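Trainee: Got a structure here, written out as structure tokens. Questions coming.
Bear in mind these aren't lab numbers, they're just calculated from the coordinates by the rules spelled out. Just so you know, these numbers come straight off a predicted model, no measurement behind them. Cβ placement follows ideal geometry from the backbone for every residue including glycine, while neighbour counts extend to all protein chains displayed.
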Amino acid sequence: MSILVLAEHNNSELNQATLNTVAAAAAIGGDIAVLVAGHNCASVAEGAAKIAGVSKVLVADNAAYENMLAENVAALISEVGKDYGHILASATTSGKNILPRAAALLDVAQISEIIEVVSSDTFKRPVYAGNAVATVQSSDPIKVITVRGTAYDAVAAEGGSAVIEAVDVVTDAGISVFEKEELVKSDRPELTAAKIVISGGRGMQNGDNFEHLYKVADILGAAVGASRAAVDAGFVPNDMQVGQTGKIVAPELYIAVGISGAIQHLAGMKDSKVIVAINKDEEAPIFQVADYGLVADLFKVLPEFEELIQK
Amino acid sequence: MKVLVPVKRVIDYNVKVRVKSDNSDVDLANVKMALNPFCEISIEEAVQLKEKGIATEVIAVSMGPKVCQEQIRTSLALGADRGILVETDEQLQPLAIAKLLKAVVDREQPELVIVGKQSIDADNNQTGQMLGALTGMSQGTFACNLDIADGKARVTREVDGGLQTVLLDLPAIVTADLRLNEPRYASLPNIMKAKKKPMDILTPEELGVDITPRITTLKVEPPGERQAGIIVDSVEALVDKLKNEAKVI
């Protein structure tokens, strides 16, 4: 059976998360087709055609798909996806928004955020904020799945030469309108793709103090994240939240600064390769998962850290 | 405007979950149960709409065994007007829940459904979107702001890169994210009053819904545990370890 992967993009570029999802598709095994739904998105389709292991790219180019509204794109997937054995999307906010709607239109279940393919119908996924891992088997004819990007290494973005086919199905539900998007502009790498992440918690005390983290991040080429406590306190915007209900990250190095380490935060970062915790409370649970802990006042540590890493 | 709020009974978010030794599931025996935090936020939003004179009635609906009445009573104490329990001892998965909710929507004809974006047990994040598919309603997921005006719902959504705003035709489904509001606590008088509020009990059979599970859980295991590492005594030592031992900077 073939596998359909929903491409994530902004109409000009393919999002890296798609490469991780294609890796999960490759682990299932079978012909891989990528669906690019968007508007004036020819460059995305060309990019998708080059992904290693992809044999076909389906392009649905229509104003109805420009902003990936779930009502329209889910209907498209339920039409195009009927003949596939698996339909995959990245477990990003976009994939999570669209895919369950598509699954219900197809009258099949969805398996959310898989971290391992056991066989073509059996998968592993974290439950209870990552405090347990369930192995689940689907009896549906079509397996609709979202993939946790950090669980799969991206496939090569170059090297493939898939055929590109236009899809002329237009499913405009006409019940929702995209009004605006306020995206945070940053020169730093994206949280979920960064090799190094430095995050601040309630211990940062205010938003201005995050400046210390930004400085370190810029030296290391790191992304900056935050705990839910820091976001709820209004220090930084929500898109920086790492945790069960925020972003899931698994970088080479995760530096937690002034973060106590609530279960919900650990769920978002405990698969990082090396974890550093800087906290003045030696009882903080974050130290139980840290490879290197430093019990000290972060306001003393950060300037010194900044100086030493530049040497 | 009638507002329907689906609510779920889950393990209390402060409880540390343990996997059963036979790996069949997590151990929920004698564990504190509570209203799913995202459902609390949904109820709060609906009650605030009522306080603003936008909503006329707030209905809390839950599905599952008889004990789920507790979470409906909690919702009533928080300000919902009446409750509905679709009672079953069968295991319910999101698609089945969405189908049961669709049947309730058909009976009640709400103009707005506010549902938590995910439950903190199964972490599926599916029910609202699936209900959208089955009812044909518009959807505003991961909402951090909701405005109802001129027969439409304007929803600000938390998306990966920041915020997105969509304008939805009613009836609509909104799934609540953490920052939509700060839920209130139920006062004692309201808890007493909630005991007298009406609650209908239905069954999947009465609603004519097939709830057969599509997914079988083969096993549940604890995640790979991380070992605590070492405590270093200075920033210098930390940088040295990162450079020369872990080799990550």
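Trainee: Taking the square root of 5 times each eigenvalue of the Cα gyration tensor, what semi-axes in Å does the equivalent ellipsoid of chain A have, largest first? Before the final figure, lay out each step's value.
Mentor: Values: eigenvalues 277, 84, 62 Å².
In descending order the semi-axes read 37, 21, 18 Å.
Trainee: Sticking with this structure for a sec: Which residues in region B:100-139 place their backbone N less than 12 Å from a point set 7 Å from the Cα of B:GLU57 along the Cα-to-Cβ direction?
Mentor: From region B:100-139, the list is B:107-111.
Trainee: Provide, for q = 0.10 Å⁻¹, the log10 of I(q)/I(0) from a solvent-free Debye sum over equal Cα point scatterers in region B:36-186.
Mentor: Evaluating at q = 0.10 Å⁻¹ gives log10 I(q)/I(0) of -0.31.
Trainee: Only four residue types carry charge here, +1 at the Cβ of Lys and Arg and -1 at the Cβ of Asp and Glu. Report the dipole size of region A:1-83 about the Cα centre in Debye, rounded to the nearest 20. The partial results should precede the final answer.
Mentor: Working: 3 positive and 9 negative charges, 46 e Å.
Dipole about the Cα centre, nearest 20: 220 debye.
Trainee: Mind checking region A:233-306 for GluC sites (Glu not before Pro) that DSSP puts in a loop (not H, G, I, E or B) and that have at most 14 other Cβ atoms within 10 Å? Intermediate results must be reported in sequence, preceding the final value.
Mentor: Working: sites: A:GLU252, A:GLU282, A:GLU283, A:GLU304, A:GLU306; in loops: A:GLU252, A:GLU282, A:GLU283.
Qualifying residues, ordered by number: A:GLU282, A:GLU283.
Trainee: List the relative contact order of region A:234-311 as a percent without decimals, with contacts defined as Cα pairs under 8 Å and 6+ residues apart. Walk me through the intermediate numbers first.
Mentor: On the way: 125 pairs, mean separation 19.0, N = 78.
It comes to 24 percent, rounded to a whole number.
Trainee: Looking at the calculated P(r) for region A:39-109, what percent of the C-alpha pair distances fall above 14 Å?
Mentor: Values: 1587 of 2485 pairs.
Result: 64 percent of Cα pairs exceed 14 Å.
Trainee: Here's another thing I want to ask about it. In degrees, nearest 10, range 0 to 90: what is the angle between the Cα axis of helix A:298-309 and the longest Cα principal axis of chain A?
Mentor: Tilt of helix A:298-309: around 70 degrees.
Trainee: Could you tell me the convex hull volume per residue, in Å³, taken over the Cα atoms of region A:88-195?
Mentor: Values: hull volume 21.9 nm³, N = 108.
Spelled out: Cα convex hull of region A:88-195, divided by residues, is 203 Å³.
Trainee: Within 10 Å, at most 15 other Cβ atoms, and a DSSP state outside H, G, I, E, B define an exposed site. Report the longest part of chain B free of exposed GluC sites (Glu not before Pro). All intermediate terms of the calculation are to be shown ahead of the outcome.
Mentor: On the way: sites that count: B:GLU90, B:GLU225.
The segment B:91-224 is the longest one with no such site.
Trainee: Now for a different question. Extending each Cα 7 Å along its Cβ direction at B:ASP210 and A:ARG202, get the distance between those two points in nm, one decimal.
Mentor: It is 5.0 nm.
Trainee: Between the helical axis of A:70-80 and the dominant principal axis of chain A, each derived from Cα atoms, what acute angle in degrees is found, rounded to the nearest 10?
Mentor: With rounding to tens, the tilt is 50 degrees.
Trainee: Beyond 18 Å between alpha-carbons counts as too far, so tell me which of A:LYS124/B:LYS99; B:LYS50/B:LYS152; A:LYS180/B:LYS152; B:LYS8/B:LYS102; B:LYS16/B:LYS117; A:LYS247/B:LYS99 fall in that bin. Could the numbers behind the result be given before it?
Mentor: Values: A:LYS124/B:LYS99 25 Å; B:LYS50/B:LYS152 16 Å; A:LYS180/B:LYS152 16 Å; B:LYS8/B:LYS102 16 Å; B:LYS16/B:LYS117 22 Å; A:LYS247/B:LYS99 29 Å.
From the list (A:LYS124/B:LYS99; B:LYS50/B:LYS152; A:LYS180/B:LYS152; B:LYS8/B:LYS102; B:LYS16/B:LYS117; A:LYS247/B:LYS99), the Cα-Cα distance tops 18 Å for A:LYS124/B:LYS99; B:LYS16/B:LYS117; A:LYS247/B:LYS99.
Trainee: Does region B:175-243 classify as rounded, prolate or oblate by the C-alpha gyration tensor (a ≥ b ≥ c root eigenvalues; a/c under 1.5 gives rounded; else a/b over b/c gives prolate, otherwise oblate)? Can you show the working numbers first?
Mentor: Details: a/c = 3.90, a/b = 1.78, b/c = 2.19.
It is oblate, given that a/c is not under 1.5 and a/b is not larger than b/c.
Trainee: Using a simple charge model, +1 on the beta-carbon of Lys and Arg, -1 on the beta-carbon of Asp and Glu, nothing else, what dipole does region B:33-165 show about its Cα centre, in debye to the nearest 20?
Mentor: Numbers: 12 positive and 19 negative charges, 49 e Å.
The dipole of region B:33-165 has a size of about 240 debye.
Trainee: Could you work out the mean count of beta carbons from other protein chains within 10 Å of each residue's beta carbon in B:238-245?
Mentor: Details: counts 12, 6, 1, 5, 11, 3, 0, 3.
Across B:238-245, the average partner-chain Cβ count within 10 Å equals 5.
Trainee: Per the helix-only calculation at 222 nm, which mean residue ellipticity applies to chain B, given -39500 (n - 2.57) for every DSSP H run of n ≥ 4 and division by its residues, nearest 500 deg cm²/dmol?
Mentor: Mean residue ellipticity at 222 nm (helix-derived): -7500 deg cm²/dmol.
Trainee: GluC sites (Glu not before Pro), restricted to region A:176-216: which are DSSP loop and have at most 16 other Cβ atoms within 10 Å? Spell out each step's value before the answer.
Mentor: Numbers: sites: A:GLU179, A:GLU181, A:GLU182, A:GLU190, A:GLU211; in loops: A:GLU190.
Taking region A:176-216 and a limit of 16 other Cβ atoms within 10 Å, the loop GluC sites (Glu not before Pro) found are A:GLU190.
Trainee: Where in chain B lies the longest segment free of trypsin sites (Lys or Arg not before Pro) that are both loop residues by DSSP (not H, G, I, E, B) and have at most 12 other Cβ atoms within 10 Å?
Mentor: Details: sites that count: B:LYS16, B:LYS32, B:LYS52, B:LYS195, B:LYS196, B:LYS247.
The longest uninterrupted stretch comes out as B:53-194.
Trainee: Among the trypsin sites (Lys or Arg not before Pro) in region A:171-275, which ones are in a DSSP loop with at most 12 other Cβ atoms within 10 Å of the Cβ? Mind listing them? Don't skip to the answer; put the middle values down first.
Mentor: Working: sites: A:LYS180, A:LYS185, A:LYS195, A:ARG202, A:LYS215, A:ARG228, A:LYS247, A:LYS270, A:LYS273; in loops: A:LYS185, A:LYS195, A:LYS270, A:LYS273.
Of the trypsin sites (Lys or Arg not before Pro), the ones in loops of region A:171-275 whose Cβ has at most 12 other Cβ atoms within 10 Å are A:LYS185.
Trainee: What pairs from A:LYS270/B:LYS32; A:LYS270/B:LYS66; A:LYS82/A:LYS185; B:LYS2/B:LYS195; A:LYS82/A:LYS195 go past 32 Å between their alpha carbons? Write out the running numbers ahead of the final one.
Mentor: Details: A:LYS270/B:LYS32 26 Å; A:LYS270/B:LYS66 37 Å; A:LYS82/A:LYS185 38 Å; B:LYS2/B:LYS195 21 Å; A:LYS82/A:LYS195 38 Å.
From the list (A:LYS270/B:LYS32; A:LYS270/B:LYS66; A:LYS82/A:LYS185; B:LYS2/B:LYS195; A:LYS82/A:LYS195), the Cα-Cα distance tops 32 Å for A:LYS270/B:LYS66; A:LYS82/A:LYS185; A:LYS82/A:LYS195.
Trainee: Could you compute the FRET efficiency for B:THR203 and A:ASP297, with r as their C-beta to C-beta distance and R0 at 41 Å, rounded to 0.05?
Mentor: On the way: r = 59 Å, r/R0 = 1.45.
Efficiency computed from Cβ-Cβ geometry: 0.10.
Trainee: According to the square roots a ≥ b ≥ c of the eigenvalues of the Cα gyration tensor, what is the shape class of the protein assembly as shown, taking rounded for a/c under 1.5, prolate for a/b larger than b/c otherwise, and oblate for the remainder? The partial results should precede the final answer.
Mentor: On the way: a/c = 1.58, a/b = 1.19, b/c = 1.33.
Cα axes put the protein assembly as shown in the oblate bin.
Trainee: Compute the distance in nm between two label points, each set 7 Å from the Cα along the Cα-to-Cβ direction, one at B:ALA237 and one at A:LYS50.
Mentor: So the two model labels end up 4.8 nm from each other.
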